[in-house]
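Participant: Mind having a look at this structure? Questions to follow.
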Amino acid sequence: MDVALLMNPAARAGAHTGAAMRTAERLRAAGHRVSVISGGSATESSALLRTALDLGTDAVVVAGGDGTVSLAIQQLAGGDVPLGIVPAGTGNDLANTLGMRDLDADAAADAVIAGDTRTIDLARVTRADGTSVLYGTVLASGFDSKVNDRANRMRWPRGHMRYNIAILVEFMRLRGIPFEIELELEGGTRERIAGELVMATVGNGRSYGGGIPICPDADLEDGLLDVTLVRPAGRLKLLRLLPRVYRGTHTSIDEVSTYRARSARLASAGVTAYADGDPLGSLPLHVEVVPRALRVFAQTR
């Protein structure tokens, strides 16, 4: 096969590059032709990947986190070219949901070599101006999007601990935010929710922030989105909630409501939504599931 290996344009050294090169070597040893793509920016990398696809690439492998994977998702969705992932970013939530371990270059290459694929859902976000973008993991709005904001501004520490510190800092500023939400539920009925929320998340996958299972029952292949809403409570009560969020056992708490939906419309003044580690835009936004949108290489071990 002709394989295009897309590297994170912001990470050209260290473990990220090492994992990418190990994957390339293993694929070449198995007889595949590998072209490494790494532009100077996300826009340049996307353009290079588009060119590779137009020239007839058989498979795409991404070495990076959810943000870099998102670059490939925008190009591959709805097509037949499968995606492999080397989890080598700050947050590797889509890869981890698919069963891949951080920086496991050998397993990523072996999945491509084996050639087995599965087809997963994606979510499409449409902004107020009509533009849209796809994501694979979880859309965050409210407290969790403020955590993303802060984590992205931080230069230290690296990895998952950055999110943990950002959570603690934003927790001290926590307050309810007025939301208006409209859901098209699994059975086709609609539900409207209005009032103060701490956060509203819409999951295609189950986790964000480097492994926090905010939508613990989400299934990448069920044709539905999992919506998790958290209502305000005292800081002490919410502080006790945090460990349960990390364990994925928070959905039974009174202040937490969950829904399975085909689409969701979120509106709240001054709130920016994030997904796959990147800002998507200010609310209001419309989110809908795109069933069976992306072929991915299945994990082999």
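Participant: Amide H of VAL86 versus every other amide H placed in the peptide plane: which residues, excluding those fewer than 5 positions away on the same chain, fall under 5 Å?
Facilitator: VAL62, ALA63, GLY64
Participant: Rg/Rh for the chain: what does it come to with C-alpha atoms and Rh from Kirkwood?
Facilitator: Result: Rg/Rh = 0.97.
Participant: For the range 90-99, in order, what is each residue's ³J(HN,Hα) by Karplus, 6.51 cos²θ - 1.76 cosθ + 1.60 with θ = phi - 60°, in whole Hz (x at glycine and Pro)?
Facilitator: 5, x, 10, 5, 5, 4, 5, 5, 7, x
Participant: Now a separate question. The range 126-292: percent of C-alpha pairs farther apart than 22 Å?
Facilitator: 38
Participant: How high is the relative contact order of the chain? Use alpha-carbon pairs under 8 Å, at least six apart in sequence, and give a whole percent.
Facilitator: Across the chain, relative contact order equals 22 percent.
Participant: From the residues ALA29, ALA108, GLY142, which one has its Cα farthest along the dipole of the chain in the positive direction, the dipole being from +1 and -1 charges on Cβ of Lys/Arg and Asp/Glu about the Cα centre?
Facilitator: The Cα lying farthest towards the positive end belongs to GLY142.
Participant: Can you name the helices of the chain, as whole DSSP H runs, whose Cα span along the helix axis is 20 Å or more and whose Kyte-Doolittle mean is not below -1.0?
Facilitator: Correct list, ordered by number: 15-29.
Participant: Cα atoms only, the range 2-116: Rg and Dmax in Å?
Facilitator: Cα radius of gyration and Dmax of the range 2-116 are 12.4, 33 Å respectively.
Participant: OK, next. What is the Cα coordinate range of the range 104-177 on the first, second and third principal axes, sorted by size from largest, in whole angstrom?
Facilitator: 49, 36, 19
Participant: Pull up all non-local amide H partners of ALA293: gap of 5 or more, or a different chain, and H-to-H distance under 5 Å with H placed in the peptide plane.
Facilitator: ILE120, ASP121, LEU122
Participant: Run the dipole for the chain about the Cα centre, Lys and Arg Cβ at +1, Asp and Glu Cβ at -1, nothing else charged, and hand back the magnitude in debye, nearest 20.
Facilitator: Numbers: 33 positive and 34 negative charges, 204 e Å.
The calculation lands at about 980 debye.
Participant: Quick one: which residues, 5+ away or cross-chain, put their amide H under 5 Å from the amide H of VAL198? H built at 1.01 Å from N.
Facilitator: Amide H neighbours of VAL198, under 5 Å, 5+ apart: ILE177, VAL230, ARG231.
Participant: When the helix-only estimate is applied to the chain (DSSP H runs of n ≥ 4, each -39,500 (n - 2.57), divided by the residue count), what is the mean residue ellipticity at 222 nm, nearest 500 deg cm²/dmol?
Facilitator: Counting only the DSSP helices, I get -9000 deg cm²/dmol.
Participant: Kirkwood Rh and Cα-based Rg: tell me the resulting Rg over Rh for the range 37-174, rounded to two decimals.
Facilitator: 0.99
Participant: Could you identify which residue out of ALA111, ALA47, ALA261 has the top mean-square fluctuation in a GNM of the chain using Cα springs shorter than 10 Å?
Facilitator: Maximum among the listed residues: ALA47.
Participant: Per-residue HN-Hα couplings for the range 191-197, Karplus 6.51 cos²θ - 1.76 cosθ + 1.60 at θ = phi - 60°, whole Hz, x for Gly and Pro?
Facilitator: Per residue, the Karplus-derived 3J(HN,Hα) values read 9, 10, 10, 9, x, 7, 10 Hz.
Participant: Please turn the phi angles of the range 263-273 into ³J(HN,Hα) values with the Karplus equation 6.51 cos²θ - 1.76 cosθ + 1.60 (θ = phi - 60°), one per residue in order, whole Hz, x for glycine and proline.
Facilitator: Once θ is set to phi - 60°, the couplings for the range 263-273 become 8, 8, 10, 10, 9, 6, 5, x, 10, 9, 9 Hz.
Participant: Now a separate question. Net charge around VAL289, counting only other residues with Cβ within less than 12 Å of its Cβ (Lys, Arg = +1; Asp, Glu = -1)?
Facilitator: Charge balance near VAL289 sits at -4.
Bear in mind these aren't lab numbers, they're just calculated from the coordinates by the rules spelled out. Since we're looking at a predicted model, the values are computed, not measured. Positions of Cβ are backbone-derived with ideal geometry, glycine not excepted, and every protein chain shown enters the neighbour counts.
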